[in-house]
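Student: What follows is a structure written as structure tokens; I'll ask about it next.
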Amino acid sequence: MSASNGENANTQADKNVEMWRIKKLIKSLEAARGNGTSMISLIIPPKDQVTRIAKMLAEEYGTASNIKSRVNRLSVLSAITSVQQRLKLYNKVPTNGLVVYCGTIITEDGKEKKVNIDFEPFRPVNTSLYLCDNKFHTEALNALLTDDSKFGFIIMDGSGSLFGTLSGNTREVLHKFSVELPKKHGRGGQSALRFARLRVEKRHNYVRKVAETATQMFITNDKINVEGIILAGLADFKTDLSQSGLFDSRLQTKVLKIVDISYGGESGFNQAIELASDTLQGVKFIQEKKLIQRYFDEISQDTGKYCFGVDDTLRALEMGAVDSLIVWENLSVTRYSLRSSSSDEKRIIHLRPEQERDRSHFIDPETQTEMEVEESQLLLDWLALNYRSFGAVLEIVTDRS
């Protein structure tokens, strides 16, 4: 694997970890409920001003002071104060914007608990939002989970070609050009062969131009700038291009699908997006499948470059021997940090939910007394925070692959 390819893989894996964190946060925020309108959702886009938001919050504080219900009034004022305190930590809005959630939620056992969360998202958030409600609003965060992989489209027909990209729900036309190709006809007498030859030559030149333009559009600094390419068109142009030696071999390997469309130009672009939607949605699934297959290949070839299970994997991780760490997104193993009350000796254990019920895991084998739980967190949370320090790439996979 080249250095640049390894770098790209690391970047993508880091992005997947961030997406998993956001997904987990959304799940907990969506489940939270409070009394009255004491739960504040604040989202500030990148180019906004902290001073403007601070002024707006001061005005909101004044308005909230008039709420008749004393309990609700105090809860809302407390939440606004918490947001104001959080905002003081920032001189300016971070590069990707700022997301703040503050309020008092009701826990499962009916108790009140204050929640204060502020963070810069891993991707620019272009929504401006301020809401007081009995729940947190996470719609804008869901938009961050939309895969932003960019896909290239080449739309070819007898009148011209269009080159475009699709990223999330944003499509962009990069370039288009028209062409005049001679039509088939039976006239010409002795010149019929010459006409046919000219027609073939012009078609060949057209395919050459499309191939050259594709290289200009989809290769930057010798690197492919899209995750995959969809070829679409009328007649045989798209097939001719895919099989042509003129089409850059690097782009040929990225062709995900070839589709037949009824139109050219931008209408054809829209139709191609629709027809290729299943393929595009499956790209992450395919990447996961390749990752898992690579792991099973190591096992089948008995290379010795693999391990599995919590204990063996963590041992290899501590030795710095792990390159790719593959973890299921719903892994329900908890990491406990225990301390002996008599000797201050520390011990780390990892338990599944059914093991947690067996208190013998928490007993000090030397003194036979119960050890104190200093810290407990899901192992996946701990790995997401610490995987970089072991020099590994964390790959969080679903059960679909």
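The values are calculated or read from the model by the stated rules, or taken from the named source; none is laboratory data. On a predicted model such as this, the values are computed, not experimentally measured, just so you know. Ideal geometry is used to build each Cβ from the backbone, glycine not excepted, and the neighbour counts take in all protein chains shown. The protein model used for the area step is the full one, side chains on, heavy atoms only, and it has no ligands, DNA or RNA in it. Shrake-Rupley method; radii C 1.70, N 1.55, O 1.52, S 1.80 Å.
Student: Quick one: helix 50-64 against the long Cα principal axis of the chain, what's the angle to the nearest 10°, folded into 0 to 90?
Tutor: The helix 50-64 is inclined about 50 degrees to the chain.
Student: Solvent-accessible area per residue for segment 39-104 at a 1.4 Å probe radius, Å²?
Tutor: About 52 Å² of surface per residue is accessible.
Student: Amide H of L174: which non-local residues (sequence gap of 5 or more, or other chain) have their own amide H closer than 5 Å, using H built in the peptide plane?
Tutor: Sorted by chain and number, the residues that satisfy this are F163, G164, T165.
Student: Scale the Cα Rg of segment 109-168 by the rule-of-thumb value 2.2 N^0.38 Å and send over the ratio, two decimals.
Tutor: Numbers: Rg = 20.3 Å, N = 60, 2.2 N^0.38 = 10.4 Å.
It is 1.95.
Student: List the equivalent ellipsoid semi-axes of segment 354-397 in whole Å, largest first, each obtained as the square root of 5λ for an eigenvalue λ of the Cα gyration tensor.
Tutor: Values: eigenvalues 175, 33, 15 Å².
Semi-axis lengths for segment 354-397 are 30, 13, 9 Å.
Student: Mind listing the long-range amide H neighbours of K150? Cut-off is under 5 Å, sequence gap 5 or more, other chains count too, H placed in the peptide plane at 1.01 Å from N.
Tutor: Residues meeting the amide H criterion: E227.
Student: Right, here's the next one. What are the ³J(HN,Hα) couplings of segment 251-262, residue after residue, when phi is run through the Karplus curve with 6.51, -1.76, 1.60 and θ = phi - 60°? Round to Hz, x for glycine and proline.
Tutor: So the Karplus estimates, Gly and Pro as x, are 6, 4, 5, 9, 5, 8, 7, 10, 10, 8, 10, 8 Hz.
Student: OK, next. Under a point spin-label approximation (7 Å from Cα along Cα-to-Cβ), what is the T253-D381 distance to one decimal in nm?
Tutor: My value for the distance between the label points is 4.1 nm.
Student: Now, a different point. Exceeding 19 Å between C-alpha atoms, which entries from my cross-link table qualify? They are K68/K111; K114/K135; K150/K257; K68/K113; K209/K238; K23/K254.
Tutor: Pairs exceeding the cut-off: K68/K111; K68/K113; K23/K254.
Student: Towards the positive end of the charge dipole of the chain, with charges on Cβ (+1 Lys, Arg; -1 Asp, Glu), say which of S28, S149, S38 has the farthest Cα.
Tutor: S149
Student: Report the label-to-label distance for D278 and V310 in nanometres (one decimal), using points 7 Å from each Cα along the Cα→Cβ vector.
Tutor: Here the answer is 4.0 nm between the modelled labels.
Student: To the nearest Å, what is the center-to-center distance of segment 218-237 and segment 284-302, using C-alpha atoms only?
Tutor: 26
Student: On the protein heavy atoms, probe 1.4 angstrom, tell me the percent of accessible surface of segment 108-166 carried by carbon and sulfur.
Tutor: Reported share for carbon and sulfur atoms: 46 percent.
Student: Given contacts defined as C-alpha pairs under 8 Å and at least six residues apart, what's the relative contact order of the chain, whole-number percent?
Tutor: After rounding, I find 13 percent.
Student: Given the rule -39500 (n - 2.57) for each run of at least 4 DSSP H residues, summed and divided by the residues of the chain, what is its mean residue ellipticity at 222 nm, to the nearest 500 deg cm²/dmol?
Tutor: -12500 deg cm²/dmol
Student: If amide H atoms are built 1.01 Å from N in the plane of the peptide, which residues on other chains or at least 5 residues away come under 5 Å of the amide H of S324?
Tutor: V393
Student: Could you tell me which of rounded, prolate or oblate describes segment 282-331, using a ≥ b ≥ c as the square roots of the eigenvalues of the alpha-carbon gyration tensor, with rounded for a/c under 1.5 and, failing that, prolate when a/b is larger than b/c and oblate otherwise?
Tutor: Here segment 282-331 falls in the oblate category.
Student: With θ taken as phi - 60° and the coefficients 6.51, -1.76 and 1.60, list the Karplus ³J(HN,Hα) couplings across segment 135-145 in order, rounded to whole Hz; mark glycine and proline as x.
Tutor: 8, 8, 9, 10, 4, 5, 5, 4, 5, 5, 7
Student: Place +1 on the Cβ of every Lys and Arg and -1 on the Cβ of every Asp and Glu in the chain, take the dipole about the Cα centre, and give the residue among L317, V83, F163 whose Cα lies farthest towards its positive end.
Tutor: Comparing the listed Cα positions along the dipole, F163 ranks first.
Student: What does the charge dipole of segment 265-357 about its Cα centre add up to, to the nearest 20 debye, if the Cβ of each Lys and Arg holds +1 and the Cβ of each Asp and Glu holds -1?
Tutor: Numbers: 12 positive and 16 negative charges, 74 e Å.
Value, rounded to 20: 360 debye.
Student: What distance in nm separates the simple spin-label points at R171 and S28, each placed 7 Å from Cα in the Cβ direction?
Tutor: Each label point is offset 7 Å from its Cα along the Cβ direction, giving 3.9 nm.
Student: Provide the FRET efficiency to the nearest 0.05 for the S337-R357 pair, computing r from the beta carbons and using R0 = 25 Å.
Tutor: Efficiency computed from Cβ-Cβ geometry: 0.85.
Student: GluC sites (Glu not before Pro), restricted to segment 48-113: which are DSSP loop and have at most 16 other Cβ atoms within 10 Å?
Tutor: Numbers: sites: E59, E60, E108, E112; in loops: E108.
Answer by residue number: E108.
Student: Okay, moving on. About its Cα centre, how strong a charge dipole does the chain have in debye, to the nearest 20, once Lys and Arg get +1 and Asp and Glu get -1 at the Cβ?
Tutor: Magnitude of the dipole: close to 2060 debye.
Student: When volume of the Cα convex hull per residue in Å³ is calculated directly from the model, which label among (i) 174; (ii) 214; (iii) 147 fits?
Tutor: Only one option fits the structure, namely (ii).
Student: Another question, then. How much length is gained on full extension from S178 to R294, taking 0.36 nm per residue of separation minus their Cα-Cα distance?
Tutor: 37.3 nm
Student: Along segment 236-242, what does the Karplus equation 6.51 cos²θ - 1.76 cosθ + 1.60 (θ = phi - 60°) give for ³J(HN,Hα), rounded to whole Hz, x for Gly and Pro?
Tutor: 9, 4, 5, 5, 4, 5, 5
Student: Mind checking which aspartates and glutamates have their Cα closer than 13 Å to the Cα of K289? Skip sequence neighbours fewer than 8 apart in that chain.
Tutor: Excluding near neighbours in sequence, the set is D297, E395, D399.
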